[in-house]
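Shown next, in structure tokens, is the structure this report addresses.
The values are calculated or read from the model by the stated rules, or taken from the named source; none is laboratory data. None of these values were measured; they are calculated from a predicted model. Cβ: placed from backbone, ideal geometry, glycine included. Neighbour counts: every protein chain shown. Surface areas here come from the heavy atoms of the whole protein model, side chains and all, with no ligands, DNA or RNA. Shrake-Rupley method; radii C 1.70, N 1.55, O 1.52, S 1.80 Å.
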Amino acid sequence: MIVKEINHHMDGNDISLAVIKRLPRYYRYLEELLDNGVERISSGDLSVRMNVTASQIRQDLNNFGGFGQQGYGYNVAYLHDEIARILGIDHTHSIIIVGAGNLGKAIANYANFEKRGFVVRGMFDSNPSVVGSECRGSKVMPMEMMKDFIRDNGIEILALTIPKTNANEVARIAVEAGIRGIWNFAHMDLTVPDNVVVENVHLSESLMTLSYNISRQK
């Protein structure tokens, strides 16, 4: 496998990756509306806030059944809950982090993930000087314990924040233990079975894209 671009299938429709990537943004804006006590909103008002056309919003949400009512708009709480269900964040996901360096620790310390239902259950590292140290109340464990920890705790997601040298081997062991998804910060594409989902996060590529767009504005 190189990089998986996955289309989701629901109610007979293939949902494009572009639509799926907009869903977290809808969720975030709806959460802000809830925090501000807004009970309902039209697609027009939501489009102004999100800088997405009203027709695009209606088209996106119609992929999953619509959720709007003519003359009423969208019930904010209901739509918020439905998008959470579609995204699979209406229940808790257990995560382990492999790589207890600066990036791994930053992820572990980012409390907002827990608010979204992503709970870090453990951290692992191969560096003896790091093993045994604490991060947000949890001790960093040696790599030898990872496989059993995944199996014993029903871990779903592996956040991989190590150099690319050992990334594929760590991924292989984690998949054997039952990992269903990998959040990959290693600078390489992983080789995993088709039933394991990989989300690649290339920080340097994102920064280079930003550089490109800045350069075009000169």
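Structure summary
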item	result
Check on residue 171, surrounded by 10 or more Cβ atoms within 10 Å (Cβ to Cβ) and touching a Lys or Arg at 6+ places or on another chain (Cβ under 8 Å)	no
Criterion: surrounded by 11 or more Cβ atoms within 10 Å (Cβ to Cβ), outside any loop (DSSP other than H, G, I, E, B) and in contact with a Lys or Arg (Cβ under 8 Å, 6 or more places away or on another chain) - qualifying residue of 199, 176	176
Residue check for residue 52: over 30 Å from residue 141 (Cβ atoms), in contact with an Asp or Glu (Cβ under 7 Å, 6 or more places away or on another chain), modelled with pLDDT under 95 and surrounded by 15 or more Cβ atoms within 10 Å (Cβ to Cβ)	no
Candidate set: region 13-49, residues that are open to solvent by less than 50 Å² (accessible area, probe 1.4 Å), without any contact (Cβ under 8 Å) to a residue 40 or more places away in the chain and aliphatic (A, V, I, L, M); chosen: the one nearest to residue 82 (Cα to Cα)	20
Lone unmet requirement of (1) touching a helix residue (DSSP H, G or I) at 6+ places or on another chain (Cβ under 9 Å); (2) among the hydroxyl-bearing types (Ser, Thr, Tyr); (3) open to solvent by 50 Å² or more (accessible area, probe 1.4 Å) for residue 74	(3)
Pairs where the first residue, in region 81-108, is surrounded by fewer than 22 Cβ atoms within 10 Å (Cβ to Cβ) and the second is small (Gly, Ala, Ser) and in a helix (DSSP H, G or I), C-beta under 7 Å, 6+ apart	90/84
Any hit, region 130-147, residues being modelled with pLDDT of 95 or more, under 30 Å from residue 60 (Cβ atoms) and in contact with a Lys or Arg (Cβ under 9 Å, 6 or more places away or on another chain)	no
